[in-house]
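Bear in mind these aren't lab numbers, they're just calculated from the coordinates by the rules spelled out. Quick caveat: nothing in here was measured; it's all calculated off a predicted structure. Note that we place each Cβ from the backbone using ideal geometry, even for glycine, and neighbour counts take in every protein chain shown.
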Amino acid sequence: HQLGAWYPFSRNHNMIDSPDQDPGVYEEETFGRIKRAIEIRYDLLPYWYTEFHRASTLGLPVIRATFQNYPTDETASEPTFDDVYTQFLVGDSILVAPVVEEGATDVDVYLPADDSWFKHEAGVFTFYGSGLHRVHASLDELPYFVRAGTVLFLHKGGQSTKQRRKQPLELQYFLAKGDKSSYTAKGSAYFDDGESFHEGCTIETEFNGSSIVFDAKDCKRKKIDKIYLIYPESFDKTNVRVHGNASSEWVDPITLKLLFDPPVAANQVNST
């Protein structure tokens with residue numbers, strides 16, 4: 001279940017006269033782990049949906065081998081890369097490091113050159129540079145990494161995709177060091193009604209080192225109620241603005257940072 005939640009077609013299969021595999025038949029501890037894996041997938045539905053839209057319009061695969069996103073990274077094409085051959089990327093920005101050995105409590109992962117990454121575990125993100133790493137792999141959650149410079153769009157709450165689409169968006173900005181030592185992040189997400197063939201809309205956003213700006217004029221019904229910055233400890237957060245509003249609440253580095261809490265209609269904060 002934990003690995004299957006990261007497959008494009010995530011569905012359990014069974015056959016007549018075989019033991020039940022529904023999460024509800026397992027003991028509480030195992031059920032909780034399966035539930036968490038499914039929740040992570042559902043939280044990231046806007047990301048999945050956007051990647052499938054890109055696949056249908058641009059022909060880009062949703063699941064990719066490491067060398068597909070990093071063709072000039074020689075390590076990703078070397079025979080020794082077999083040590084971490086099970087890892088894969090979902091789209092441009094998420095790298096998954098599966099645990100495929102029974103009882104393993106850590107896993108080797110290669111983070112491609114020229115990028116930095118943030119490892120997620122139990123709601124906390126930890127900063128990693130590129131290279132080969134041995135990382136902790138909890139039984140409760142499969143390790144995954146988000147590429148620095150990315151913005152993730154999440155829908156939290158609700159027991160179905162339809163219910164999720166009605167929820168306000170949560171945005172997570174994973175800051176990468178750009179030119180002149182400034183930190184930046186940018187991203188976009190595609191939305192439609194999830195049912196018809198009507199063309200949808202795209203929200204684009206960018207953190208330019210001190211301000212967060214949006215271009216969401218076509219997504220009039222989407223609302224944003226939480227914005228987080230995830231950054232290395234060296235980031236100076238004192239002068240961050242969301243369209244001129246000073247940041248008001250922060251917590252310790254490396255954990256999620258609440259930046260902008262009051263609900264706001266996305267089309268009301270278009271960049272100028």
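Just order 12-22, 98-108 by mean Cβ neighbour count inside 10 Å, highest at the front, would you?
Working: 12-22: 7.8, 98-108: 12.1.
Per-residue mean Cβ counts within 10 Å order the peptides as 98-108, 12-22.
Can you tell me the length gained on complete extension of the stretch H53 to E39, counting 0.36 nm per residue apart and subtracting the Cα distance?
On the way: separation 14, 0.36 × 14 = 5.04 nm, distance 2.15 nm.
Additional length available on full extension: 2.9 nm.
For a protection proxy built on the mean count of beta-carbon atoms within 10 angstrom, sort 115-121, 207-213 highest first, please.
With the highest mean Cβ count within 10 Å placed first, the list reads 115-121, 207-213.
So between S188 and N208, what do we pick up on full extension, going 0.36 nm a residue minus the alpha carbon distance?
5.7 nm
Of K119/K177; K156/K223; K119/K222; K35/K166, which pairs sit farther than 19 Å apart, going by alpha carbon to alpha carbon?
Details: K119/K177 17 Å; K156/K223 13 Å; K119/K222 28 Å; K35/K166 21 Å.
Flagged as over cut-off: K119/K222; K35/K166.
With label points built 7 Å along Cα→Cβ from the Cα atoms of K223 and S130, find their separation and express it in nm.
Each label point is offset 7 Å from its Cα along the Cβ direction, giving 4.2 nm.
Of the peptides 42-50, 160-168, 135-143, how do they stack up when ordered by the mean number of other Cβ atoms within 10 Å, highest first?
In decreasing order of mean packing, 42-50, 160-168, 135-143 become 42-50, 135-143, 160-168.
Between Y26 and A113, 0.36 nm times their residue separation minus their Cα-Cα distance comes to what?
27.2 nm
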